[in-house]
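Below you will find the structure I want to go over with you.
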Ligand SMILES: [Fe+2]
């Protein structure tokens, strides 16, 4: 991964925010360039070294081509405003909403996180069945990607299959959890357990703005370090750098 550790940030804090809505006017995230800059500043202040912009992609609303035109424009706007200032590295991807047959849409290859093989996928908020898992397997082959399941903590309450984790473990996919899961008293214990047992591979703030859903990855890293020590952070750090070229 082509980035140097900046002075002032301990190495284990040079982390990647894998899930954000910082691109201006793309979705229900940042409303304009100014808000995007403030979100990036907040991330930098928390020691985040790389922010991945993952605007929502909904196939029922637009084609991947139309999405890419909008995303390129938003990215250019934001990069223009970032010039001559210090911000985390910015990369683009998408948060693709699952739909039946998504693995057949070859253009989704272009929605992978830049400089990686990762496709962030938002799954349905229902109990997943084997057909859905099969779709993911097919997509991984046909789109030549590694699927990342977005914000895993939000689906857990719907799952009923006692073998789900075993099945997911055999699929070579990655699992992203939200920073917020480590900050709320009601979800923290479970999130820490999942991280400790290797069920969580990537972290993201899923930030949409500066107040309701703000950049909070640094706070989650602090919470993790206080309870589990440095080992899981170092493990995440190593994995993140292997995933991004
Ligand atoms: Fe999101």
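The values are calculated or read from the model by the stated rules, or taken from the named source; none is laboratory data. Remember, predicted model here, so these are calculated numbers, not experimental data. Heads up, the Cβs are rebuilt from the backbone with ideal geometry, glycines too, and the neighbour counts pull from every protein chain shown.
Please work out if residue 204 is in contact with a strand residue (DSSP E or B) (Cβ under 6 Å, 6 or more places away or on another chain) and within 18 Å of residue 40 (Cβ to Cβ).
Judged against the criteria, residue 204 is a match.
Restricting attention to the stretch 35-50, which residues are surrounded by 20 or more Cβ atoms within 10 Å (Cβ to Cβ), in contact with a helix residue (DSSP H, G or I) (Cβ under 8 Å, 6 or more places away or on another chain) and part of a helix (DSSP H, G or I)?
36, 40, 43
One line per residue, one yes/no per condition, for (1) farther than 16 Å from residue 57 by Cα; (2) modelled with pLDDT under 95; (3) assigned to a helix (DSSP H, G or I):
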residue: 84; (1), (2), (3): yes, yes, no
residue: 90; (1), (2), (3): yes, no, no
residue: 96; (1), (2), (3): no, no, no
residue: 109; (1), (2), (3): no, no, yes
residue: 113; (1), (2), (3): no, no, no
residue: 119; (1), (2), (3): no, no, no
residue: 124; (1), (2), (3): no, no, no
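Oh, and also: Of everything in the stretch 51-73, what is touching a strand residue (DSSP E or B) at 6+ places or on another chain (Cβ under 8 Å) and in a helix (DSSP H, G or I)? Give them in sequence order.
Across the stretch 51-73, the qualifying residues are 64, 67, 71.
Is it true that some residue in the stretch 179-188 is surrounded by fewer than 20 Cβ atoms within 10 Å (Cβ to Cβ), within 16 Å of the ligand (Cβ to nearest atom) and not in a loop (DSSP other than H, G, I, E, B)?
no
Within the stretch 69-86, how many residues turn out to be surrounded by 19 or more Cβ atoms within 10 Å (Cβ to Cβ) and in contact with a helix residue (DSSP H, G or I) (Cβ under 6 Å, 6 or more places away or on another chain)?
Going through the stretch 69-86 one residue at a time, the tally reaches 1.
Would you say residue 162 is in contact with a strand residue (DSSP E or B) (Cβ under 9 Å, 6 or more places away or on another chain), under 25 Å from residue 190 (Cα atoms) and free of Cβ contacts under 8 Å to residues at least 40 places away in the same chain?
No, not satisfied.
Would you check which residues across the stretch 232-245 are in a helix (DSSP H, G or I) and either touching a strand residue (DSSP E or B) at 6+ places or on another chain (Cβ under 6 Å) or surrounded by 12 or more Cβ atoms within 10 Å (Cβ to Cβ) (or both) and list them?
Hits for the stretch 232-245 are 232, 233, 234, 235, 236, 237, 239, 240, 241, 243.
Scan the stretch 143-162 residue by residue and report those that are part of a loop (DSSP other than H, G, I, E, B) and either on the phi > 0 side of the Ramachandran plot or surrounded by fewer than 20 Cβ atoms within 10 Å (Cβ to Cβ) (or both).
144, 151, 155, 159, 160, 161, 162
Suppose the filter is under 26 Å from residue 174 (Cβ atoms), crowded, with 24+ Cβ neighbours inside 10 Å and either in contact (Cβ under 8 Å) with a residue 40 or more places away in the chain or within 16 Å of the ligand (Cβ to nearest atom) (or both); does residue 28 pass it?
no
Can you find a residue that is assigned to a helix (DSSP H, G or I), without any contact (Cβ under 8 Å) to a residue 60 or more places away in the chain and more than 16 Å from the ligand (Cβ to nearest atom) anywhere in the stretch 199-218?
no
Related question: Considering only the stretch 98-107, state which residues are crowded, with 17+ Cβ neighbours inside 10 Å, away from the ligand (no atom under 16 Å from the Cβ) and not in a helix (DSSP H, G or I).
105
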